[in-house]
Amino acid sequence: MSDLPNCTECNSEFTYQDQGRYMCPECGHEWDESSEQVDGPQAKDVNGKVLCDGDSISVIKDLKVKGSSSVVKVGTKVKSIRIVDGDHNIDCKIDGIGPMKLKSEFVKKA
Ligand SMILES: [Zn+2]
């Protein structure tokens with residue numbers, strides 16, 4: 001809890017966070033979070049490396065393609081990924097399969 005800033009009005013340390021805003025229970029002041037803004041959605045590969053838009057990755061395990069009998073084989077290389085929000089946080093296009101969403105935990109940076 002100690003990483004919350006003190007109240008900008010009364011310097012109380014009992015501040016808390018609510019829906020991205022800081023609130024002070026002592027004086028009732030609330031203000032917007034100004035620092036620590038994450039720059040867009042983030043994804044990390046199986047080794048914890050940060051993945052960025054345009055990166056190339058390879059798949060580390062066979063992945064079934066939802067709604068079809070196709071499988072993305074382990075070792076499949078994917079170019080020009082796009083990081084998106086959500087459970088499946090990589091948006092990409094795979095040769096022979098088409099547009100697909102992957103989980104970053106099942107890929108590694110090429
Ligand atoms: Zn306050």
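Taking the range 1-67 and the strands (runs of 3 or more DSSP E) fully enclosed by it, the elements with 3 or more residues that are modelled with pLDDT of 95 or more and either surrounded by fewer than 10 Cβ atoms within 10 Å (Cβ to Cβ) or under 26 Å from the mean Cα position of the chain (by Cα) (or both) are at 57-59. Collect the residues in the range 1-23 that are more than 10 Å from the ligand (Cβ to nearest atom) and of a type in the set (Gly, Ala, Ser), keeping them in residue-number order. Listed by number, the residues that qualify are SER2, GLY20. Output the number of the condition that ASP87 fails; it satisfies all remaining conditions of (1) of a type outside the set (Gly, Ala, Ser); (2) at pLDDT below 95; (3) not in a loop (DSSP other than H, G, I, E, B). Result: ASP87 passes all but (3). Each residue in the range 68-84 was checked for being more than 10 Å from LYS108 (Cα to Cα) and either free of Cβ contacts under 8 Å to residues at least 24 places away in the same chain or outside any strand (DSSP E or B) (or both), and 11 pass.
The values are calculated or read from the model by the stated rules, or taken from the named source; none is laboratory data. Everything numeric in this text was worked out from a predicted model, so none of it was measured. Note that each Cβ is placed from the backbone with ideal geometry, even for glycine, and that neighbours are counted across all protein chains shown.
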